[in-house]
1. Yes or no: segment 87-102 includes at least one residue that is more than 26 Å from ALA174 (Cα to Cα) and of a type in the set (D, E, K, R).
2. With the requirement that a residue be surrounded by fewer than 18 Cβ atoms within 10 Å (Cβ to Cβ), at negative phi and in contact with a Ser or Thr (Cβ under 8 Å, 6 or more places away or on another chain), what does segment 147-203 give you?
3. Among the β-branched types (Val, Ile, Thr) and without any contact (Cβ under 8 Å) to a residue 40 or more places away in the chain: which single residue out of THR47, THR53, THR11 fits that description?
4. Got a number for residues in segment 98-140 being farther than 26 Å from ALA44 by Cβ, in contact with a helix residue (DSSP H, G or I) (Cβ under 7 Å, 6 or more places away or on another chain) and outside any loop (DSSP other than H, G, I, E, B)?
5. Taking LEU256, is it within 17 Å of the chain's Cα centre (by Cα), surrounded by 16 or more Cβ atoms within 10 Å (Cβ to Cβ), closer than 21 Å to SER166 by Cβ and among the hydrophobic types (A, V, I, L, M, F, W, C)?
6. Checking the structure you have, find out if any residue of segment 119-138 is over 21 Å from the mean Cα position of the chain (by Cα) and within 22 Å of GLY211 (Cα to Cα).
7. Can we say TYR109 is under 23 Å from MET145 (Cα atoms), modelled with pLDDT under 95 and among the hydroxyl-bearing types (Ser, Thr, Tyr)?
8. Inside segment 168-210, can you point out the residues that are among the small types (Gly, Ala, Ser), under 16 Å from ARG221 (Cα atoms) and part of a strand (DSSP E or B)?
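The values are calculated or read from the model by the stated rules, or taken from the named source; none is laboratory data. Predicted, not measured: the structure shown is a model, and the values here were computed from it. Because the Cβ atoms are built from the backbone with ideal geometry, glycine has one as well, and the counts that use them run over all protein chains shown.
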Amino acid sequence: MTPPETLPSLTVRASSWAGLFDCAYRWEGIHLLKLRNVVGLRAALGTAIHAGTAVFDQSRLDGSGLTADDAAGAMVDTLRDPENEFDPARDDITMSEAERVGLALVSKYCTEVSPNYDFIAVEMETKPLDIDCGGGVVVRLTGTMDRARIRRLGKGVGIADLKSGSAAVQKGAAVTKGHGPQIGTYELLYEHTTGQPITDDAEIIGLKTKGTPEIATGTIRNGKRVMVGTDEHPGLIEFAAEMFKTGRFYPNPRSLLCSEKYCPRFSTCSFHD
């Protein structure tokens with residue numbers, strides 16, 4: 001933490017933090033250099049699904065009485081929003097197919113998944129968290145816990161984060177690999193914002209958008225510890241601080257996002273095959 005009088009050198013959205021540890025070179029291009037990253041229709045579908053499910057879960061919290069049909073309508077409106085920019089040539093799915101998949105997943109989520117949870121917050125606004133990287137560099141994490149819910153099981157509080165995609169569910173379980181840094185960041189932000197500890201494991205709610213629509217869950221443990229480390233081993237925040245301090249953002253040519261489809265630096269990057 002930094003003293004109150006210390007001003008941040010750099011402000012980044014907390015939801016982008018996980019991408020820093022996947023390929024820092026790509027992350028720098030998108031979030032610091034502001035290079036345009038055009039997404040495909042499947043990514044736009046994911047955004048629309050999250051919009052629909054968030055509307056439904058928020059309605060459960062505030063008692064506004066929205067139905068699964070209302071949530072489906074919000075999904076379609078977001079998917080077909082004229083300002084929703086995407087490149088249809090980047091995916092093997094049409095708008096009508098995307099709408100069909102989205103409707104199936106939102107309906108299934110609202111009727112079969114959401115009622116099993118006691119949510120206490122949906123996409124919660126967080127208090128900025130400053131990280132002193134040394135050398136006069138201070139990084140401020142801001143924003144909402146995008147697509148995430150805070151859920152209570154018994155007396156414990158934990159993160160439940162929705163992830164959609166063509167491979168979000170494999171062998172009947174949500175894919176959790178690679179989501180630890182973002183979950184850990186969310187746990188830190190929740191505790192920083194509320195002053196209350198996260199006491200339960202985090203959960204990924206995966207929504208598969210390719211093939212048969214499918215929803216499943218998976219558990220992530222010790223997300224916060226991955227970020228802050230232990231007395232014996234540094235956490236990811238310490239490695240991130242070194243990157244911000246030196247300005248060296250390392251490439252990862254083995255990243256699953258290392259392609260022209262996902263990275264705006266791909267055409268000028270000399271690190272991939």
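1. Scanning segment 87-102 turns up at least one residue that is more than 26 Å from ALA174 (Cα to Cα) and of a type in the set (D, E, K, R).
2. Scanning segment 147-203 gives LYS155, GLY156, SER166, ALA173, HIS192, THR193, ASP201.
3. THR47
4. 6
5. Taking the combined requirement at face value, the residue does not satisfy it.
6. No - not one qualifying residue is present in segment 119-138.
7. No, not satisfied.
8. Matches in segment 168-210: ALA173, ALA174, ALA202.
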